[in-house]
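The structure appears below as structure tokens.
Every number here is computed from the coordinates shown, using simple stated rules; none is lab data. Keep in mind it's a predicted model, so treat the numbers as computed, not measured. Methodologically, a virtual Cβ is constructed for each residue, glycine included, from the backbone with ideal geometry; neighbour enumeration extends over all protein chains shown.
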Amino acid sequence: MDTTLVLLSRNLTDKLLKLSLFKPKRSDDELELIAFIIQRFGYRPKSLSFFIQAVTHRSLNSSETDSSNERLEYLGDAVLDAVVAEFLYHRFPNEDEGYLTKIKSKVVSRKTLGEIAESMELRNVIRYHKGRSINLSTLEGNAFEAIMGAIYLDGGFEQVKSCVYNHIFRKYMDLNRILEEEIDFKSKLFIWCQKKRLKLDFIILSEENKGANWNYTVVASINGTNYGRGSGAAKKIAEQAASKETLELMGEI
């Protein structure tokens, strides 16, 4: 071998040895976080800084800490939405957009994500100001989304999909229960009106025949005042949509 190549090889080896010798030792908290991500999410972090930020709440406001997880939460929310949307698209090839949207909203709801994070015991690794009064359930749900964002930045979209499909759905989410839970907004609005002794009517505003399909537009009227509107291919669908919008206007959902 050429003398120059031998020297270059030795120099490279020496540099690699030095890098390994002077690599900073992980703290106990960092090792705990790495183990947690591997065990709960099935992902081995490459750049730990993403995950430290993901579990850091803004209440921990100190120059010595990383920035909070709010930006990662925003990113994770969008990525998780896309992953679940793709999953449901393939899982239910014969269902329409409305059904898929309804199921997706249940899967990625604050309530569902909070339950998943709680069952994961995510609060054990969240960094926050313990002297303040903070809703831990909200903290956990937000940190869960932030970790999804961290996995996306660290490993890419396919890694998030693998995590959700192989770990979240299998270990921490009862997807069948969610699918079985059909939200009947019309019944909920009817019960709400009964309790308050209010008269509920559904008024058909329009019926349109669009070739082979019909489209109905309905408004929910309470004591003669119109509230939410809804449209659909059947009167029942339109009434459900009108009931949902009315309940939202009333602050009931």
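Positive contributions from Lys and Arg (+1) and negative ones from Asp and Glu (-1), summed over other residues with Cβ under 15 Å from the Cβ of GLY42, come out at +4.
Cross-link partners for LYS104 among the lysines, with Cα-Cα distance under 29 Å and sequence neighbours closer than 8 places in the same chain left out: LYS161, LYS171, LYS186, LYS188, LYS210, LYS235, LYS236, LYS244. If you take all other residues with their beta carbon under 9 Å from the beta carbon of VAL218, and give Lys and Arg +1 and Asp and Glu -1, the sum is +1.
Here the Karplus curve 6.51 cos²θ - 1.76 cosθ + 1.60, taken at θ = phi - 60°, turns the phi angles of the range 231-241 into couplings of 10, x, 6, 9, 4, 4, 5, 5, 5, 4, 5 Hz, with x standing for Gly and Pro. Put simply, the amide H of THR56, placed in the peptide plane, has neighbours under 5 Å in ASN69, ARG127, leaving out anything fewer than 5 places away on its chain. Rounded to the nearest 20, the size of the Cβ-charge dipole of the range 28-180 about its Cα centre is 220 debye, with Lys and Arg at +1 and Asp and Glu at -1. 3J(HN,Hα) along the range 68-78, derived from phi through the Karplus expression 6.51 cos²θ - 1.76 cosθ + 1.60 where θ = phi - 60°, amounts to 6, 8, 5, 5, 5, 4, 4, 5, x, 4, 5 Hz, with x in place of Gly and Pro. Taking Lys and Arg as +1 and Asp and Glu as -1, the other residues whose beta-carbon sits under 12 Å from that of TYR89 total -2. Legend: translational diffusion of the range 28-180 by Stokes-Einstein, Rh = Kirkwood radius over C-alpha pairs, 4 °C, 1.567 mPa s; D = 82 µm²/s.
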